[in-house]
Amino acid sequence: VARPAPRFAGSGQPTLSQARRQSPVVARAVDMFVEEETTLNIFQTILLVMGGAAGIAAGIAVPRFYQVQSDASEERPNTQPCFVCEGTGETMCRFCDGTGQTTMTLGSGETKTQECINCSGRGTIVCTTCNGTGIQPRYLDRRVFADDD
C-alpha cells in the first residue's frame, strides 16, 4: 500500500515539529561533542608496545654508541698539528703585532712606547686553540675552556 505524501497545513512548508517527526535522525549540538567509543584491536596494541620498546631501545643505544665512539677516539693518538699556530704552540701577539712594544700617541701629540702588557714584551702568546701543545684538539675536546689566569 503506497502512502500519500504528508500534507502540511499553511504555506506548504512543514513546521519544525512536523519536520522532526518526518526526519529519523536529528543532529543536535550536544551530539557533536560526544565521542564514539574507541577500542584498540590486538594489532594496534602490538604496534603500540613495539613502538614503545623501540623508543626505549633507541634512548639507551644512542648514548651508549656515542660513549663507545668517544672512548675509542681517546685511545687513538692525535698527531695532527694545530692549524692556528702550525704546531709551534705560540701565536703572534695581536696587541703589539709581534714587536713586544706598544706605541700610543698622547693628547699633546707626544708618542710614548712601552712594553706590551699582553705578551710581556715577548711578541708571542700561548695558542688559544691548542693551549700551547701544538696538537690540533679533537672536535669534542674544543668544548673545554681552561683559563690560565
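The values are calculated or read from the model by the stated rules, or taken from the named source; none is laboratory data. These figures come from a predicted structure and were not determined experimentally. Neighbour counts are summed over all protein chains in view; Cβ atoms, including those assigned to glycine, are modelled from backbone coordinates with ideal geometry. Heavy atoms of the whole protein, side chains included, go into the accessibility calculation; ligands, DNA and RNA do not. Shrake-Rupley method; radii C 1.70, N 1.55, O 1.52, S 1.80 Å.
Observations on the model:
- Scanning region 96-113 for residues that are in a strand (DSSP E or B) and open to solvent by 70 Å² or more (accessible area, probe 1.4 Å) yields Gln101, Thr103, Met104, Thr105, Thr111, Lys112, Thr113.
- Flag if Cys130 is open to solvent by less than 90 Å² (accessible area, probe 1.4 Å) and modelled with pLDDT of 90 or more: no
- Screening Arg64 with (1) more than 27 Å from Thr128 (Cβ to Cβ); (2) charged (D, E, K, R); (3) at pLDDT below 85 gives one miss only, at (3).
Residue-wise test of (1) closer than 27 Å to Arg138 by Cα; (2) among the charged types (D, E, K, R).
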| residue | (1), (2) |
| --- | --- |
| Cys85 | yes, no |
| Gly89 | yes, no |
| Gln101 | no, no |
| Thr105 | no, no |
| Ser108 | no, no |
| Glu115 | no, yes |
| Ser120 | no, no |
| Val126 | yes, no |
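- Residue within region 58-80 that is part of a loop (DSSP other than H, G, I, E, B), out of contact with any Cys (no Cβ under 9 Å at 6 or more places or on another chain), of a type in the set (S, T, N, Q) and surrounded by 10 or more Cβ atoms within 10 Å (Cβ to Cβ) present: yes
- Selection count, region 69-99, where residues are more than 22 Å from Gly134 (Cβ to Cβ) and either modelled with pLDDT under 85 or among the small types (Gly, Ala, Ser) (or both): 4
- Residue, farthest from the chain's Cα centre (by Cα), within region 51-75, restricted to residues that are hydroxyl-bearing (Ser, Thr, Tyr) and within 13 Å of Arg138 (Cβ to Cβ): Ser73
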